[in-house]
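The values are calculated or read from the model by the stated rules, or taken from the named source; none is laboratory data. Everything quoted here is computed from the prediction, not taken from an experiment. Glycine gets a Cβ as well: all are built from the backbone with ideal geometry, and neighbour counts include every protein chain shown. To get the accessible areas, we keep the full protein, side chains included, count just its heavy atoms, and leave off ligands, DNA and RNA. Shrake-Rupley method; radii C 1.70, N 1.55, O 1.52, S 1.80 Å.
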Amino acid sequence: VVVHGFEHATKSKSEAWKHHKTVLKQFLTDFTSETSMSLALYTVLHKPIQDHIEQYILLLTKLNEALKEGSEKDVVTSAIKEYVKLESFIGQVLDEACFTKSLWKSLGFKFTDMLCVPERRLLEDSKNLPISASTNRSDRILLFDDVLVLIQGNSFQSFDLKLVWVDGNCREKSAPGLYGLRIITPEETFFLSAKDPQMKAVWQWKLNQAVRQALNGKRDFPLWGKTGEGTEPPSCRFFTYVFRLEGKFKSASYEGEWHWGKPHGKGTLKWRDGRNHVGDFKEGLEHGFGICLVPRQSEDRYDCYKCHWYEGKMRGYGICEYGNDTVYKGYFKDNVRQGFGILENLSADHPFKYTGQWENDKKNGYGVWEDKDRGERYIGTWLDDHKHGQGIVVTQSGVCYQRTFHADKMVGSGILLLEDDSVYEGNFTEDLTFVGKGKLSFANGFILEGTFTNKSGQGLQTHGVLNTSNEQLDDRITKAQLGLEEFPVEKRWKGIYDQFLEFIHSGCKEETEESFMGFHIQTSKELRKSQEYLFCQRGTEDVSWKTEDILEELVQHQGLESLQSYLEKALKSSLHPLGKLLKALMIAFQATYSGIGANRHLLTMAQEEVKYYAKKIWEFYQGLLHLALEQKGQLPAKCVDGETSDQKACSVVLPLILPCFYPELFMLYMLYHEREDDLYCQGIVDLSLFPDIKLLEFLDVQK
């Protein structure tokens, strides 16, 4: 079909020539076959239009002389100006065409094959206006209307003018006698040096004009003259470019905003292997919030990083959804997981969750690991992804033990607290079988001390002494509280506090707030309207809250009563820094003590932790207040009532945050007092069986 179409078109074209032969012959009556082709073209095509315009100018000038002063005279004058411009424009365009034509003749065919495009025009040539490029890299410099070409020997380099920036305010250090222009392109920067300032100025003007015209997609009218002067091309542009040279972005295509030769602003990077990055850039590097997709080699899946970047590397809070169904929410530094973070595996075959400290992409420091298959939770220290150091393990059945770990293996003796109140001290295996020397204390006070063995098929055997003389076991043993000495509260969740305190040290800048304190995903509009907000609405339904507003409010609410009501609101708001800190601490607390972690032996550990939270929140509040006062140039007020900051934290903050931890704490209290509660209930039941007279007797009522 296409071929037929073309054939038809050529036929009709050639017929058109045949039909109009007579008219065409009239055009060419003055020419013989000897006349040169260019002269013939000039006479037929150029001369008539130039004559035509000249006649118009003459006619309008006569009309202008005849008219009296008034509005019409102004109109005619402006029309004459436009025609004069058109006349010079035609002349300039023809000159440019001749200039370009002579260039194609003088260049070797190797260059013309690559560079000669019918609509391309030469604007300036270094043979005509001498200028040289730095490092002797070129014999000749050609400025076209769409590209800048540097020719050296048999090769050339061309730069798209849309991505060329011209900096005229620089002096080249290597050649002090020369006047230089710095040419900046996405991957290369070089100097053009002229012998005198006039030459430099002409080249600078021509380059800037060419770049501006290339960006606008249209030529100036007339080509040079009043209109084109002085308007420099914008330094910020939007363009697509594929990187060629070695480096981080090699063979990636970038589509987005540019500033002085570097990606700057919003943009998208795409590599051939399927990686891509969408987000903010600054001076050629990822900087700000960005989403990065990295394909996994083995399967058809991606790792998706939604994170904050700093000078080309992940830094601050981020969420990473890995292709293998695990999700990490936490902090990064230099592209690796660092600081506090939660890693959760949502797949059905091995669900787990780790909440705790990371260092150099591995679990390091204090953390809580929940193995949902085995139904147990490990609370303790880690080293390079292995349980290492002191640890407490709580199981779903209510058993709880404390051991020392070395690279995931239990070493030394430990303490095992069984659900029937008996306590075993000694060595035991992972499936909680006693081995070797140990001491087993029963709830009724009997103590068995000796060596335990466990042969298959024969059950547990022991060789030792059973002491039956003791009274019932002390509460100190049956309700032994674990974890206080091993994990002092100061050592727990350092990664959370560090980020929030660092936010204050960095000056609480609005743009870094998310990177330090995590993102807030807003609820739907209906909910948003009904929620009580900390800050007055500014005419829109979304809350306009800024860090400076928060700091301003802190200064206003320093009296005890207004401070309490302010803190109450702040801690309830998921947008306020104090509210965000509380939310993060709640997540850590629930990861430790809810569900499997509800065990009576952890009550004191939980109580101390909540008290410490209050202290840290108060510290964070104090930090924000100091910063707010500093910015106002005031000094923080001295504490009048003589309370220390710990007492203040207990009296002001603790009552406000306790309700957030009630569910877990109440469960721990209930388990702690379970035996007494059972006995009490049993007593009530027993008494209710007495007849009235017996009951009165029991209560020592006088007969």
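Screening the stretch 110-133 for residues that are farther than 19 Å from Leu161 by Cα and of a type in the set (Lys, Arg) and picking the one that is most open to solvent (accessible area, probe 1.4 Å) gives Lys127.
Take the residues of the stretch 653-677 that are among the aliphatic types (A, V, I, L, M) and farther than 13 Å from Tyr612 by Cα: which is surrounded by the fewest Cβ atoms within 10 Å (Cβ to Cβ)? Across the stretch 653-677, the extreme among qualifying residues is Met670.
If you check Glu82, Glu15, which single one turns out to be assigned to a helix (DSSP H, G or I) and either surrounded by 14 or more Cβ atoms within 10 Å (Cβ to Cβ) or at pLDDT 75 or above (or both)?
Details: Glu15 fails: either surrounded by 14 or more Cβ atoms within 10 Å (Cβ to Cβ) or at pLDDT 75 or above (or both).
Answer to the check: Glu82.
Counting only residues that are more than 22 Å from the chain's Cα centre (by Cα) and either closer than 30 Å to Trp203 by Cβ or in contact (Cβ under 8 Å) with a residue 40 or more places away in the chain (or both), the stretch 241-274 holds 7 of them.
Note on the stretch 324-344: residues that are under 19 Å from Gly288 (Cβ atoms) and outside any strand (DSSP E or B) amount to 2. With touching a residue at least 12 places away in the same chain (Cβ under 8 Å) and on the phi < 0 side of the Ramachandran plot as the only criterion, which of Leu695, Leu635, Leu624 stands out? Exactly one residue qualifies, and that residue is Leu624.
Suppose the filter is of a type in the set (Asp, Glu), more than 30 Å from Phe239 (Cβ to Cβ) and either out of contact with any strand residue (DSSP E or B) (no Cβ under 8 Å at 6 or more places or on another chain) or touching a residue at least 24 places away in the same chain (Cβ under 8 Å) (or both); does Asp361 pass it? First the steps, then the outcome.
Working: of a type in the set (Asp, Glu): yes; more than 30 Å from Phe239 (Cβ to Cβ): yes; either out of contact with any strand residue (DSSP E or B) (no Cβ under 8 Å at 6 or more places or on another chain) or touching a residue at least 24 places away in the same chain (Cβ under 8 Å) (or both): yes.
Here the answer is yes, as Asp361 does meet what is asked.
The single condition from (1) out of contact with any helix residue (DSSP H, G or I) (no Cβ under 7 Å at 6 or more places or on another chain); (2) surrounded by fewer than 17 Cβ atoms within 10 Å (Cβ to Cβ); (3) touching a residue at least 24 places away in the same chain (Cβ under 8 Å) that Glu72 fails is (3).
The criterion of at least 3 residues that are open to solvent by 40 Å² or more (accessible area, probe 1.4 Å), under 24 Å from Pro488 (Cβ atoms) and not polar (S, T, N, Q) is met, among strands (runs of 3 or more DSSP E) falling completely within the stretch 380-427, by 386-395, 409-417.
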